[in-house]
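Colleague: Pasting in a structure now, in structure tokens, and then I'll have a few things to ask.
The values are calculated or read from the model by the stated rules, or taken from the named source; none is laboratory data. Remember, predicted model here, so these are calculated numbers, not experimental data. Quick reminder, even Gly has a Cβ in these numbers, built from the backbone with ideal geometry, and neighbours come from all protein chains shown. For the accessible areas, the whole protein counts, side chains as well, though only heavy atoms, and no ligand, DNA or RNA atoms are used. Shrake-Rupley method; radii C 1.70, N 1.55, O 1.52, S 1.80 Å.
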Amino acid sequence: LVFARVYTYNKRATSMSGPDQAPRLSSLSHGGGCGCKIAPKVLSDILKNVPKGSLPFPSNLLVGKETSDDAAVYKLNDSQAVVVTTDFFMPIVDDEFDFGRIAATNALSDVYAMGATPICALAIVCMPLAKLDQSRICKILEGGQSVCEEAGIHIVGGHSIDGLECIYGLVAVGVMNPKNLKKNDAAKVGDAIVLGKPLGVGIYSAALKKQALSPERYHTMTKWTTKLNTAGVTLGETE
């Protein structure tokens, strides 16, 4: 995919060339989005050397780390299970409000992917206070809050640190009927795959970091990365 022209896609300052110019949000991290994840093979090698502990496996834990699902699921009773997940990453856009929205949407989508309905969230906040002024941080938090309000939930707390790179995300909590649970390891040949969003957003975000994404494509990217996968609840109820 070749981008033949460089676009200015953000109304805010887009470089660090002058002493009075604010740094681009995406310049405050070494990567962006899920591209910052530890590679699966590396993570596997790390985890296999971590002692499993002596506690017995709880019978009510329906989904743990073994199946690499989107969230953990703990059965409360025959009709209720609590779903817990966490997701956070570094900026893939330079607009603070959009970054907050994208990060929050990504976290809540893990709850929907399990067929659950979100009930509350906690914020995970790491900001380089020496480089990012408070008004910009407020916009990030405001963006995350707006998505949670769209999902009908409150951000009820969280944790924050002053760090070297910009990180934002959520701990998301949901509820579901355990009979509707569908795990990764239960997929079978011939099952239908439902795509909640178009593929290829990572290409757009990489182009954006290089300032090579048109305004139209930026709009397309944010349209889909801020869309909640609420259909997961309905799909979870299907056989």
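Colleague: With the condition kept exactly as written, say whether any residue in the range 177-186 is of a type in the set (Asp, Glu), over 21 Å from Ile140 (Cα atoms) and free of Cβ contacts under 8 Å to residues at least 12 places away in the same chain. Walk me through how you get there before you give the answer.
Modeller: In the first step, residues of the range 177-186 are kept if they are of a type in the set (Asp, Glu); the result is 185.
Then keep just the ones that are over 21 Å from Ile140 (Cα atoms); that gives 185.
Going one step further and asking which of them are free of Cβ contacts under 8 Å to residues at least 12 places away in the same chain, we end up with none.
No: zero hits.
Rundown of residues vs (1) of a type in the set (Gly, Ala, Ser); (2) touching a Lys or Arg at 6+ places or on another chain (Cβ under 9 Å), yes/no style:
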site	(1), (2)
Gly158	yes, no
Lys182	no, no
Ala207	yes, yes
Lys210	no, no
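Colleague: Further question: Among (1) of a type outside the set (Asp, Glu); (2) more than 30 Å from Lys139 (Cα to Cα); (3) part of a loop (DSSP other than H, G, I, E, B), which single condition is Ile92 missing?
Modeller: Evaluating Ile92 over (1) of a type outside the set (Asp, Glu); (2) more than 30 Å from Lys139 (Cα to Cα); (3) part of a loop (DSSP other than H, G, I, E, B) leaves (2) as the failure.
Colleague: Taking the range 149-166, which residues are over 10 Å from Glu96 (Cβ atoms) and either of a type in the set (Val, Ile, Thr) or in contact with a Pro (Cβ under 8 Å, 6 or more places away or on another chain) (or both)? Walk me through how you get there before you give the answer.
Modeller: Initial filter on the range 149-166 (over 10 Å from Glu96 (Cβ atoms)): 149-165.
Passing the criteria: Ala151, Gly152, Ile153, Ile155, Val156, Ile161, Asp162, Gly163, Leu164, Glu165.
Colleague: Here's another thing I want to ask about it. Among the strands (runs of 3 or more DSSP E) lying completely within the range 101-178, list those that include at least 1 residues that are of a type in the set (Phe, Trp, Tyr).
Modeller: It comes to 167-176.
Colleague: Next question. Looking at the range 184-235, which of the residues that are basic (Lys, Arg) and open to solvent by 70 Å² or more (accessible area, probe 1.4 Å) is nearest to Gly115 (Cα to Cα)?
Modeller: Lys227
Colleague: Scan the range 50-69 and give yes if some residue there is open to solvent by 30 Å² or more (accessible area, probe 1.4 Å), free of Cβ contacts under 8 Å to residues at least 40 places away in the same chain and among the β-branched types (Val, Ile, Thr), otherwise no.
Modeller: For the range 50-69, residues open to solvent by 30 Å² or more (accessible area, probe 1.4 Å), free of Cβ contacts under 8 Å to residues at least 40 places away in the same chain and among the β-branched types (Val, Ile, Thr): present.
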